[in-house]
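Worksheet: one structure, shown below.
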Amino acid sequence: MVEKHIVCKAPDNLNIRIWRYLDVSKFIDLIINESLYFPRTDKFDDIFEGSLPSPSVLARKNQLEEISPNGNIHDSKFWNKIGIESKKKYAISCWQMNDFESAAMWKIYLKTNEGVAIQSTYQKLNLCLNKLDKPVYIGIVNYIDYDNDLIDWGNRMVPFFYKRKSFYHEQELRALIRWADYNLDNGGIKIPIDLSLLIENIYVSPTAPKWFHQLVKDIIKGKDFNIINSRLDDKPVY
């Protein structure tokens, strides 16, 4: 079920479109297993994942020194170890919020020209995950200045809903699960989901060869999904 949390903010428009850009192997896995993969956060490329901005680290140090002036609970090595270990305790399914497909996202997430974008909405993802019998948390990512902005350091889940402003173009929505509720020992977990409820449209990559559209049809054979050829590769009119 979808749980509430102070850091989990919904978008203003609950019907906003959300997107996942997948290469063909991940798309086949999604369809065959009818599940969303939640990779553990220590597997993400961004080394700042789950970290705190500098003002939060300073605030923590000052507060803990007041509580225990002679203790080691404000030692930076102690907290670095906790922070790194915490990355193994959360797994996330990432989506982009956008009314339109993104040319940048196609380039970032596809290693070849053969891929698709799964398009859903915030509301539909929320409905799907709310059917689970274990907790899941959904919220938009906040983009902040890690040199100057302050966030709550007292809850280890909070930093996973913040990223550096350099990633603002992603406009990310996250669904997060915890090791306390799911087995994350293998670096992530596949969560069964009702794809017929989740998927609104399947967009074919703008650079995909013509035969790839038919391959997508074959992959989803027996499932009633709408397939759309991306128009980002349309020819201009002068």
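Listed here are the residues, each with its yes/no results for (1) under 18 Å from Lys26 (Cα atoms); (2) in contact with a helix residue (DSSP H, G or I) (Cβ under 6 Å, 6 or more places away or on another chain).
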{"site": "Lys163", "(1), (2)": "no, no"}
{"site": "Tyr168", "(1), (2)": "no, no"}
{"site": "Gly187", "(1), (2)": "yes, yes"}
{"site": "Leu195", "(1), (2)": "yes, no"}
{"site": "Val216", "(1), (2)": "yes, no"}
{"site": "Gly222", "(1), (2)": "no, no"}
{"site": "Leu232", "(1), (2)": "no, yes"}
{"site": "Val237", "(1), (2)": "no, no"}
| task | Can you confirm whether the range 148-163 contains a residue that is among the hydrophobic types (A, V, I, L, M, F, W, C), open to solvent by 40 Å² or more (accessible area, probe 1.4 Å) and out of contact with any Ser or Thr (no Cβ under 6 Å at 6 or more places or on another chain)? | result | no
| task | Might you let me know whether the range 96-114 holds any residue that is surrounded by fewer than 17 Cβ atoms within 10 Å (Cβ to Cβ) and of a type in the set (Phe, Trp, Tyr)? | result | yes
| Which listed residue is open to solvent by 40 Å² or more (accessible area, probe 1.4 Å) and under 17 Å from the mean Cα position of the chain (by Cα), from Asp29, Asp46, Asp12, Asp42 | Asp42
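Got at least one residue in the range 192-205 being on the phi > 0 side of the Ramachandran plot and more than 19 Å from the chain's Cα centre (by Cα)?
Start the filter on the range 192-205 by keeping residues that are on the phi > 0 side of the Ramachandran plot, which leaves none.
No: zero hits.
Within the range 52-60, is even one residue hydrophobic (A, V, I, L, M, F, W, C), out of contact with any Cys (no Cβ under 8 Å at 6 or more places or on another chain) and at pLDDT 95 or above?
Within the range 52-60, the first condition is being hydrophobic (A, V, I, L, M, F, W, C), and the residues that meet it are 52, 57-59.
Still in the running and out of contact with any Cys (no Cβ under 8 Å at 6 or more places or on another chain): 52, 57-59.
Retained after the next criterion (residues that are at pLDDT 95 or above): 52.
So far as the range 52-60 goes, yes, one or more of its residues are hydrophobic (A, V, I, L, M, F, W, C), out of contact with any Cys (no Cβ under 8 Å at 6 or more places or on another chain) and at pLDDT 95 or above.
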| message | Can you list the strands (runs of 3 or more DSSP E) lying wholly within the range 166-219 that have 1 or more residues being at pLDDT 95 or above, open to solvent by 50 Å² or more (accessible area, probe 1.4 Å) and more than 20 Å from Asn98 (Cα to Cα)? | response | 172-178, 188-192
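Only one residue in Asn98, Asn142, Asn126 is polar (S, T, N, Q), modelled with pLDDT of 95 or more and within 19 Å of Arg164 (Cβ to Cβ). Which one?
On the way: Asn98 fails: within 19 Å of Arg164 (Cβ to Cβ); Asn126 fails: within 19 Å of Arg164 (Cβ to Cβ).
Unique residue meeting the criteria: Asn142.
For the range 229-238, check the following and say yes or no: at least one residue is open to solvent by less than 60 Å² (accessible area, probe 1.4 Å) and modelled with pLDDT under 95. First the steps, then the outcome.
Applying the first criterion (open to solvent by less than 60 Å² (accessible area, probe 1.4 Å)) to the range 229-238 yields 230.
With modelled with pLDDT under 95 added as a condition, the list becomes 230.
Yes, some residue in the range 229-238 is open to solvent by less than 60 Å² (accessible area, probe 1.4 Å) and modelled with pLDDT under 95.
The values are calculated or read from the model by the stated rules, or taken from the named source; none is laboratory data. On a predicted model such as this, the values are computed, not experimentally measured, just so you know. Ideal geometry is used to build each Cβ from the backbone, glycine not excepted, and the neighbour counts take in all protein chains shown. Areas reflect the complete protein model, heavy atoms only, side chains present, ligands, DNA and RNA absent. Shrake-Rupley method; radii C 1.70, N 1.55, O 1.52, S 1.80 Å.
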